[in-house]
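Coordinate-derived values only; no laboratory data. Predicted model only: the values in this text are computed from it and were never measured. Ideal geometry is used to build each Cβ from the backbone, glycine not excepted, and the neighbour counts take in all protein chains shown.
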Amino acid sequence: MKSIAITGGIATGKSTVAKIVKDKGYVVLDADEIGHEVLKEEKMKFLIAKKFGLSFDANGEINRKNLGKIVFSDREKLERLNAILHPRMVEVILEKIRSFSDEKEIFVEAAVLFEMKLNEYMDYVIVTDCPDELRVKRLMNRDHISEEEAIARIKSQLSREEFLKRADYVIDTSKSLQHTFKQVSTVLQLKPWSDKI
């Protein structure tokens, strides 16, 4: 079985590419969803609530909005949260990959692939890419935020150059959806990861 990551900066079209792959019948795991699952684990909930001085909501869960406010304005706190969450997320993702032992390939959509060192377990990395100016526009439209906020979110991640440097294959999402679809279809037909030892 081969594990293929789909990653890229915010607003570069990761979810669109992951959806095309899924629609073609492949298994796609969503690291973000798995992160939400991990955040609901009892041990994890209490540990994070204690570390960040948070209380639980009416459903006994951590208020993710409040947690976001704390960590996204303070890099040190974000790193502290990631140090708690990421190892467990990698563990769960690898467990889920193993559970699909009948599949020839498993795709994992992961925005923070490199930050959580999940790339070390992947056979192949697909990076979605488009110019930063386009990402800013997409973010402003999608999340109804200011240009300054959009730029700040982009700058809080790895640079575009860093993503491209680490890619085995790049999907350019700067043109039409049809153009993106064609590129994804080509990669799935070529299956370049099958040549990797």
> So what's the angle, to the nearest 10 degrees on a 0 to 90 scale, between helix 42-52 and the longest Cα principal axis of the chain?
Replying inline: 70
> Using all Cα-Cα distances in the stretch 65-157, what percent lands in each 10 angstrom bin from 0 up to the longest?
Replying inline: 13, 35, 34, 17, 1
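Can you give me the relative contact order of the chain as a percent, contacts being Cα pairs under 8 Å and 6 or more apart? Display every interim value, and only then the final one.
On the way: 237 pairs, mean separation 72.9, N = 197.
Normalised by residue count, the contact order of the chain is 37 percent.
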> Where is the GNM fluctuation largest for the chain (alpha-carbon springs, 10 angstrom cutoff): Lys175, Lys117, Lys96?
Replying inline: Lys175
>> Just to check I understand the Karplus step: with θ = phi - 60° and J = 6.51 cos²θ - 1.76 cosθ + 1.60, what whole-Hz values come out for the stretch 134-147, glycine and proline as x?
In response: 5, 4, 4, 4, 4, 5, 4, 6, 5, 9, 6, 10, 6, 4
> About its Cα centre, how strong a charge dipole does the chain have in debye, to the nearest 20, once Lys and Arg get +1 and Asp and Glu get -1 at the Cβ?
Replying inline: 120
> Which residues' amide hydrogens lie under 5 Å from the amide hydrogen of Lys2, considering only partners 5 or more residues apart or on another chain, with H built in the peptide plane?
Replying inline: Glu105, Ile106
>> Kirkwood Rh and Cα-based Rg: tell me the resulting Rg over Rh for the stretch 2-188, rounded to two decimals.
In response: 0.97
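Using mean Cβ contacts within 10 Å as the protection proxy, how do 70-82, 131-143 order, highest first? Walk me through the intermediate numbers first.
Values: 70-82: 13.6, 131-143: 15.2.
Ranked from most to least packed, the peptides come out as 131-143, 70-82.
Would you mind checking Lys137/Lys196; Lys65/Lys96; Lys22/Lys137; Lys96/Lys165; Lys69/Lys137; Lys65/Lys175 for any pair whose Cα atoms are more than 30 angstrom apart? Spell out each step's value before the answer.
Working: Lys137/Lys196 37 Å; Lys65/Lys96 27 Å; Lys22/Lys137 26 Å; Lys96/Lys165 28 Å; Lys69/Lys137 23 Å; Lys65/Lys175 33 Å.
Where the Cα-Cα span goes over 30 Å, the pairs concerned are Lys137/Lys196; Lys65/Lys175.
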> Could the peptides 98-104, 20-26 be put in order, highest first, of the mean number of other beta-carbon atoms found within 10 Å of their residues?
Replying inline: 20-26, 98-104
